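In what follows, a structure is listed as structure tokens, so that the remarks can point back to it.
Derivation of every value follows stated rules applied to the coordinates shown; laboratory data play no part. Source: prediction; values computed, not measured. Heads up, the Cβs are rebuilt from the backbone with ideal geometry, glycines too, and the neighbour counts pull from every protein chain shown.
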């Protein structure tokens, strides 16, 4: 039986919900207490046909003071989950201004998935006028940016409500393309680990190497 490891790294501004997303994934529940952002990895094993995949998920800190330390977690990454909060327009702008350039610099060619977090706040914001005043990022805006930045995929989620959860594992099992497959776990937070990973054979080959300088 073949076994492959797929390494995910979560990046994005502070307070966009990366750690809550990861905590929901690893503990199957939304954290009610303060969760400090820490570097670390968490594993999950899934079967795709006869192949076993270990999904290794790494959390990172988005603070500017960690700009030199954070890239140390990038080598051998298969997929980046680049997160922004729909309630934080600045985090959305930083997708283009900071996170995509940083990831491209250290790991050119590695697939990047844009993850819009905290979408439950759209429903909690009351009237349309209130939502406009809060300047919540819309789905259309997120999809447009994903196309512009040539992201492998755009997903929206709420670690709190699990809104948007889909059976990502079935997507893996039913995927027919010989050059692209979708990997994920149906118990994960909303589509956060539904990701596109390019491969040349059943054993994933990393065609590019991350550069840490």
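Data for the structure
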{"quantity": "Model label zone, residue 124; criterion: amide N under 17 Å from point 7 Å along Cα-to-beta-carbon; scope region 4-23", "calculated": "15-23"}
{"quantity": "Exposure proxy order (Cβ contacts within 10 Å, fewest to most) of 83, 20", "calculated": "20, 83"}
